[in-house]
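Visitor: Next up is a structure, given as structure tokens.
Bear in mind these aren't lab numbers, they're just calculated from the coordinates by the rules spelled out. Everything numeric in this text was worked out from a predicted model, so none of it was measured. All Cβ positions, even for glycine, are placed from backbone atoms using ideal geometry, and neighbour counts span all protein chains on display.
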Amino acid sequence: MIYIKNICKILLMFTLAVFYIGCSSSLSGALFNAVTDIPADRSVIYLYRPIDDKSTEFTITYNNKEICVLVSGGYFPIYAEEGKVEISSSANFKMFVTGLLQTAGSTDLFFEAEPGKYYYVMGQPVESDPNKLSIKLVPENFGVNSIKECRLLEPI
């Protein structure tokens, strides 16, 4: 009887460990490091999401091309050409019944990029609807301070 209880405890701990590892989205990229060398005809856009308690992931599109999946505590640098910039997001979530990845909603940001400048674009899930991402251009001094704890994301 004691033997069966020990096996059950071990199986329970193993199951919880597998569940925890499978559900955690750990960021393994390097902490924020500012780009210091940019080509004269480009600007740098730091797209980032400060650490929050929402697990929703957002696919980010830059000028109609998917570039990364933005998660809590992540950032992604973009070398932008001069001119119009369009950044869009859509929420990603799995349907537990089917296991399929679904997307919902879209948020867009438009602005004009100038060569040699740095831009900070912050994304945050909307409190009333965590499947929507608020994307906004923030002042450089605010962006520099709020991106420090973010980790580099992988491109798609």
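Visitor: Rounded if a/c is under 1.5, else prolate if a/b is larger than b/c, else oblate: which is the range 42-97, with a ≥ b ≥ c the root eigenvalues of its Cα gyration tensor?
Guide: It comes out oblate by the Cα gyration axes.
Visitor: Let me ask you something else. For K117, give me every one of the aspartates and glutamates with a C-alpha distance below 14 angstrom, ignoring sequence neighbours fewer than eight places off in its own chain.
Guide: Counting by Cα, and skipping residues close in sequence, K117 has these aspartates and glutamates nearby: D37, D41, E81, E82, E140.
Visitor: Taking R0 as 25 Å, what FRET efficiency do you get between S134 and I156 from their Cβ-Cβ distance, rounded to the nearest 0.05? Don't skip to the answer; put the middle values down first.
Guide: Numbers: r = 21 Å, r/R0 = 0.86.
Once the sixth-power term is evaluated, E becomes 0.70.
Visitor: Using θ = phi - 60° and the Karplus relation 6.51 cos²θ - 1.76 cosθ + 1.60, list the HN-Hα couplings for the range 74-87 in order, rounded to whole Hz, with x at every Gly or Pro.
Guide: Along the range 74-87, the couplings run x, 9, 9, x, 10, 8, 9, 7, 4, x, 5, 10, 10, 10 Hz.
Visitor: Also, I was wondering about something else. Tally Lys/Arg at +1 and Asp/Glu at -1 over every other residue whose Cβ is under 11 Å from the Cβ of K117; what's the total? Mind showing how you got there, number by number?
Guide: On the way: positive: R42; negative: E82, E112, E114, E140.
Summing Lys and Arg as +1 and Asp and Glu as -1 gives -3.
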